[in-house]
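Asks: Input: one structure, supplied below.
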Amino acid sequence: MIQLYSRLGSLGFPRKYLREIVLPSWWDDEVAHNPAGYTEGLLLLSRNLGLDLSSMQNESVPIGLRNLGACKFKKSATTSDEDLMLARIVATRTVELLSAAVPVPKKLPLTSAADIRQLILRAGAPWVNLASLVDYCWSVGLPVIHVSAFPPKAKKMDGLAYARSGRSAIALCKNTHHSAWLLFILAHELGHIVRGHVNGDGVLIDEQVDRNSTDAEEKAANAFALELLTGNPESRVFSVGPVSARALAKAAYQAGVHEQIDPGHIVLNYAYQMGNDYFAVANAALKLLDPHADAVGLVRSRMLAHLDKTRLSEDTYEFILRATRAGAQA
């Protein structure tokens, strides 16, 4: 195992990460002293990381990836595809393994942002919030998870949209307490799926969801998200000047109740329109709106509630719990 750990470490997967996240809790390196045990270790690592087994068995060649499908990278000019490779591997394999346990939907029953919005509101939600949108996605066979455990050198990303063999899934990756941040990313990734930006077998990775992007697919996903959350694909929130966090939170809540828009989304929309200097006030306002926010915990709890673990092997289920850091809530 020493040689194997060294080879995987050169790819960006240090031994500590492999032992704590990728290999199951029962694994002991002593198992690998037996050829059959070593082969089992190779299979576990290959399956959970999507690595090519034959290259792992041949120490004279570099370890390669199995075919993870096509990938569209939506990223900044200073970020390379290779920079996002570690995050892509972990997030893609996590949703891939999990999606296999979810029945294949015939198709998304609603393909209009306006229709999805009305369905959620008619079900009794005061506005389209993170909980109601996550529940909607799971209800139509589209899993939503938060992938939280990446190798230490992995470049972070906001999320990805996944499609393979008739299944779709969304992985959120941004680490934040406030639901409004994940809400827009989720709506944006759903837009990519509904608009057909992830065709066939592959993923679309958003390094950072840019609301001012000029990329055609990003603009379409942003417009879908805005229409889903507000009813208006070009919704913009401005003020004539700076406001305090308390005043912003109060105004956002009042407007949210009246317009059936998540107050947290109004706060972030305001900050995006007013400029970077306003995000400190916006984040303070979000804390006032929900001082005990745990957006990632909400996504994890919904995953645990909806996922049928009997469809997964114990080792695969444990890997999913580790990659999403949902083990403490299981």
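Values in this text are rule-based calculations from the coordinates and carry no lab data. Note that the structure is a prediction, hence the values are computed from the model and not measured. Every residue, glycine as well, gets a Cβ built from its backbone with ideal geometry; the counts of neighbours run over all protein chains shown.
Asks: Enter the angle in degrees (range 0 to 90, nearest 10) between the Cα long axis of helix 35-49 and the first principal axis of the Cα atoms of the chain, meaning the one along which they spread out most.
Replies: Approximately 20 degrees, to the nearest 10.
Asks: Sticking with this one: Helix-derived [θ] at 222 nm for the chain: sum -39500 (n - 2.57) over DSSP H runs of at least 4, divide by residue count, nearest 500?
Replies: Numbers: 13 runs with 157 residues, N = 330.
Mean residue ellipticity at 222 nm (helix-derived): -15000 deg cm²/dmol.
Asks: For the chain, what is one quarter of the convex hull surface built on the Cα atoms, given in nm²? Please report the intermediate quantities before stating the final value.
Replies: Working: hull surface 69.5 nm².
Its Cα hull, projected and averaged over all orientations, spans 17.4 nm².
Asks: Can you tally the net charge around E218? Count Lys and Arg as +1, Asp and Glu as -1, for every other residue whose Cβ sits under 13 Å from the Cβ of E218.
Replies: Working: positive: K72, K74, K75, R195, R211, K219; negative: D158, E189, D206, E207, D210, D215, E217.
My count for the surroundings of E218 gives -1.
Asks: Is the shape of the range 2-57 rounded, prolate or oblate, going by the alpha carbon gyration tensor and its root eigenvalues a ≥ b ≥ c, with a/c under 1.5 for rounded and a/b larger than b/c for prolate? Write down the numbers at each step before the final one.
Replies: Numbers: a/c = 1.38, a/b = 1.13, b/c = 1.22.
The shape class here is rounded.
Asks: What shape does the range 236-291 have by the C-alpha gyration tensor, where a ≥ b ≥ c are the square roots of the eigenvalues, rounded means a/c under 1.5, and otherwise prolate means a/b greater than b/c and oblate the rest?
Replies: Values: a/c = 1.66, a/b = 1.23, b/c = 1.35.
Note, shape of the range 236-291 comes out oblate.
Asks: Cα gyration tensor of the range 51-105, axes a ≥ b ≥ c as square roots of the eigenvalues: rounded (a/c below 1.5), prolate (a/b > b/c) or oblate? Don't skip to the end; give the middle numbers.
Replies: Working: a/c = 2.82, a/b = 1.06, b/c = 2.67.
Oblate, because a/c is 1.5 or more while a/b does not exceed b/c.
Asks: Could you pull out the GluC sites (Glu not before Pro) across the range 1-88 that fall in loop regions by DSSP (anything but H, G, I, E, B) with no more than 16 other Cβ atoms inside 10 Å? Let's see the in-between values first.
Replies: Numbers: sites: E20, E30, E40, E59, E82; in loops: E59.
Qualifying residues, ordered by number: E59.
Asks: A further question follows. In percent, what relative contact order does the chain have, based on Cα pairs under 8 Å that are 6 or more apart in sequence? Present the calculation step by step, with values, prior to reporting the outcome.
Replies: Values: 514 pairs, mean separation 65.5, N = 330.
20 percent.
Asks: Arrange the following residues from fewest to most other Cβ atoms within 10 Å of their Cβ: E217, E314. Let's see the in-between values first.
Replies: Numbers: E217 17, E314 11.
By the 10 Å Cβ count, ascending: E314, E217.
Asks: How far, in nm, would the chain grow between S244 and H292 when pulled straight, counting 0.36 nm per residue and subtracting the alpha carbon separation? Working shown, then result.
Replies: Numbers: separation 48, 0.36 × 48 = 17.28 nm, distance 2.04 nm.
Computed gain between S244 and H292 is 15.2 nm.
Asks: Okay, next question. Among all stretches of the chain without exposed chymotrypsin sites (Phe, Trp or Tyr not before Pro) (DSSP loop, at most 14 other Cβ atoms within 10 Å), which one is longest? Working shown, then result.
Replies: On the way: sites that count: W26, F238.
By the stated rule (loop sites, at most 14 other Cβ atoms within 10 Å), 27-237.
Asks: Also, I was wondering about something else. Relative to the longest principal Cα axis of the chain, at what angle does helix 279-289 sit, 0 to 90 degrees, rounded to 10?
Replies: 80
Asks: What do you get for the angle between helix 130-139 and the principal long axis of the chain? Use alpha-carbon atoms, 0 to 90 degrees, nearest ten.
Replies: The answer is roughly 60 degrees.
Asks: Within the set K74/K155; K156/K309; K16/K75; K16/K309; K74/K107; K107/K155, which residue pairs have Cα atoms separated by over 23 Å? Spell out each step's value before the answer.
Replies: Numbers: K74/K155 14 Å; K156/K309 28 Å; K16/K75 29 Å; K16/K309 26 Å; K74/K107 25 Å; K107/K155 33 Å.
Result: K156/K309; K16/K75; K16/K309; K74/K107; K107/K155 exceed 23 Å.
Asks: By how many nm would the segment from F279 to S6 grow when fully extended, if each residue of separation counts as 0.36 nm and the alpha-carbon distance is taken off?
Replies: Numbers: separation 273, 0.36 × 273 = 98.28 nm, distance 4.24 nm.
Between F279 and S6, full extension yields an extra 94.0 nm.
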